[in-house]
Amino acid sequence: MVVVLTLVKLTDAEHLITSMASGLEDYYMGSGEAPGVWPGRWAKELNLTGVVGDDQLRAMVEGHHPVTGMDLLADQRARKVNAFDATFSAPKSASLLWAFGSQEVATTVSLAHVEAVTVALDYLESKAAFARQQVAGVRSRVPTHGWAVATFVHRTVGPATPSSTPIA
């Protein structure tokens, strides 16, 4: 299945999120939403497994260790972008199959969409999980530990739309 990726920079997470919900936690984990989970190599290293907790998510977006509270950005210059909200949308044809097909077809479409998002995130992490570092005026790419990604399957009128917030 093909997925369409839309990226939004989270420069001021609370301002962006409160325009859509009452807060960061409500937007991603509000009533009726499926719980999020933590994929990504860095998430495992941070011991982020299982269901995304609201305090964990807020800490990560603010640049703090989700368990210890340690500043993960200490001695770094201030960031303009705190995180990215990446929404992977199904194409219209898949949405129509999900909406008007049998329960079996809808389940198959949903599973295919989640699998496509998983493959896309794995690919992106393998190709784009790096940082830039400037030393003596020379900018270079440096390896990272990967991403800590909070993934959520949002409920919509149409098929579930996985949305991820990579924290890089």
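The values are calculated or read from the model by the stated rules, or taken from the named source; none is laboratory data. Model, not experiment: these values are computed from the prediction. Each accessible area value is taken on the protein alone, full model and side chains, heavy atoms only, with ligands, DNA and RNA left out. Shrake-Rupley method; radii C 1.70, N 1.55, O 1.52, S 1.80 Å.
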Per-residue ³J(HN,Hα) for segment 126-134, Karplus 6.51 cos²θ - 1.76 cosθ + 1.60, θ = phi - 60°, Hz, x for Gly and Pro:
5, 9, 10, 8, 9, 10, 9, 9, 10
Through the Karplus equation 6.51 cos²θ - 1.76 cosθ + 1.60, θ set to phi - 60°, convert the phi angles of segment 143-149 into ³J(HN,Hα) values in whole Hz; use x for Gly and Pro.
x, 10, 8, x, 10, 10, 10
Subtracting the Cα-Cα distance of residue 84 and residue 55 from 0.36 nm times their residue separation yields 8.7 nm
Amide H neighbours of residue 64 under 5 Å, at least 5 residues apart or on other chains, H built in the peptide plane: list them.
72
Would you grab the residues whose amide H sits under 5 Å from the one on residue 83? Only those 5+ places off in sequence or on another chain, please, with H modelled 1.01 Å from N.
10
Take the solvent-accessible surface of the protein heavy atoms, probe 1.4 Å, and return the percent of it on segment 27-137 that carbon and sulfur atoms account for.
56 percent
